[in-house]
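Student: One structure is given below, represented as structure tokens, and several questions about it will come after.
The values are calculated or read from the model by the stated rules, or taken from the named source; none is laboratory data. Note that the structure is a prediction, hence the values are computed from the model and not measured. Every residue, glycine among them, receives a Cβ derived from its backbone with ideal geometry; neighbour counts consider all protein chains shown. Surface areas here come from the heavy atoms of the whole protein model, side chains and all, with no ligands, DNA or RNA. Shrake-Rupley method; radii C 1.70, N 1.55, O 1.52, S 1.80 Å.
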Amino acid sequence: EYNRLKKITILSPSDFVKFSRNVMQFNIRDIPNKKYMTTSQMLQYLPFIQVDEQSNEIKMMGQSLIILLNGQPNAYYNNPKNLNSLPPEAIDHIEVKLIATGRYSKKVMNIILKKNYFLGWNGNASINGSRYSLGSNGHVSYWTNKFGIDASVNYNYSNSPNHNYHRIVSNEEK
């Protein structure tokens, strides 16, 4: 004896990707565990998007993208390493223009931030080191509804030993 199902309901989150003319819009609200990720890691979840850490570029199907924040160019956030200082929780959605526009010679990724998320002071700092080197960096920003200012500083120190090779003379050669 067996029972038959009368109805199956499949629930899915809201549209993850929307297409509108020349723009592909990604709804990132449903990316699992995004609050534990960096922005670069979150971008890896988006279809067709690759984060190339070696060349320090974000690409779509092998082509480099220009990164905009709220439709404006930002030199600091135009690479994956610096983009990681932007928390994924601050992003509302991401738009990618599929055809290069007259203003930009490449495809454009526009990161739309949540309203009023960054008002006031924000920043981060990190320290790294090894046996022969030490480095630190920091980023601070202040945003209002009308303008924003960003500043960053990096410091690296290296004291690696000098590898001069000297011929060792033994007593037998003297």
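Student: Looking at the stretch 1-32, which of the residues that are open to solvent by 90 Å² or more (accessible area, probe 1.4 Å) and charged (D, E, K, R) is modelled with the lowest pLDDT?
Tutor: The qualifying residue modelled with the lowest pLDDT is E1.
Student: Sort out which residues of the stretch 95-105 are modelled with pLDDT under 85, among the basic types (K, R) and surrounded by 14 or more Cβ atoms within 10 Å (Cβ to Cβ), and write them in order of number.
Tutor: Answer for the stretch 95-105, where residues must be modelled with pLDDT under 85, among the basic types (K, R) and surrounded by 14 or more Cβ atoms within 10 Å (Cβ to Cβ): there is none.
Student: Checking R131 against (1) out of contact with any Lys or Arg (no Cβ under 6 Å at 6 or more places or on another chain); (2) assigned to a strand (DSSP E or B); (3) open to solvent by 50 Å² or more (accessible area, probe 1.4 Å); (4) at pLDDT 80 or above, only one condition comes out false. Which one?
Tutor: Unmet for R131, out of (1) out of contact with any Lys or Arg (no Cβ under 6 Å at 6 or more places or on another chain); (2) assigned to a strand (DSSP E or B); (3) open to solvent by 50 Å² or more (accessible area, probe 1.4 Å); (4) at pLDDT 80 or above: (2).
Student: Then there's this: All but one of (1) open to solvent by 80 Å² or more (accessible area, probe 1.4 Å); (2) not in a loop (DSSP other than H, G, I, E, B) hold for N137; state the number of the condition that does not hold.
Tutor: (1)
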